[in-house]
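Please treat every number below as a calculation from the coordinates, not as lab data. Remember, it's a predicted structure, so these values are computed and weren't measured experimentally. Virtual Cβ from ideal backbone geometry, glycine too; neighbours counted across all protein chains shown.
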Amino acid sequence: MNLNEKTVSQDIRFHGHIINLRVDDALLPNGNHATREVVEHPGGVCVAALTDQNELLFVRQFRYPYGEVLLELPAGKLDHGGENPLEAGKRELREETGATAAEYHSLGTLYPSPGYCDEIIHLYLAKGLTFGDSEPDEDEFLECERIPLDRALDMVLKNEITDAKTQVAILKVDHLCRKI
């Protein structure tokens, strides 16, 4: 069975600093039409930075849509225009934690909300860390902390870490570390 839908037309309804919103007319496999609302996002990165003591670097920051402070791995959006995801990950890790890494390994990609958003988040494991000063953006207020990997995994399983990209990266890092 053909499951693909074909875009007939697109109408950008909102053009913002981070996202755009478009409304599409889509042709369905059965020949009918449907309206599809799509949030366009440039994509993002998330870095699971693992210390030699098997600790992950985290940041706490207020997330406006939820009205609460979340515990997350260092992350950020790609600059519009197709910024290289690995370079963005290196930048975000340094800006948010002051850390740089000798090794980066891809953990794959994540589609956080495929029902309405085209965002793709690139996940990385960073090892061989060295530390300097953090340089957060002027509108970014963060607290950094280190949490042992086994404790972070427990926090994911107890829903104490609710951020999806952070959960997935922790699960992947834990799985990789158990295989080594």
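When +1 charges are put on Lys and Arg Cβ atoms and -1 charges on Asp and Glu Cβ atoms, the dipole computed for the chain relative to its Cα centre reaches about 720 debye.
Backbone amide hydrogens, once placed in the peptide plane, bring ILE161 within less than 5 Å of VAL156, excluding anything fewer than 5 places away on its chain.
The modelled label-to-label distance for the pair TYR111/GLU68, using points 7 Å beyond Cα in the direction of Cβ, is 2.8 nm.
For the chain, the 222 nm mean residue ellipticity estimated from helices alone, with every DSSP H stretch of n ≥ 4 adding -39500 (n - 2.57) and the total spread over all residues, rounds to -6500 deg cm²/dmol. Within a straight-line Cα-Cα reach of under 20 Å, LYS158 can be paired with the following aspartates and glutamates, leaving aside sequence neighbours fewer than 8 residues apart in one chain: GLU55, GLU68, GLU72, GLU145, ASP150, ASP174.
Comparing TYR111, MET155, SER134 along the charge dipole axis of segment 107-159, the residue lying farthest to the positive side is MET155, per the Cβ-charge model.
Just rank ARG22, ARG60, ARG178, fewest to most, by other beta-carbon atoms within 10 angstrom.
Details: ARG22 18, ARG60 13, ARG178 7.
Final ranking by Cβ density, sparse to dense: ARG178, ARG60, ARG22.
Inter-label distance, LEU28 to LEU171: 3.0 nm, where each label sits 7 Å from its Cα along the C-beta direction.
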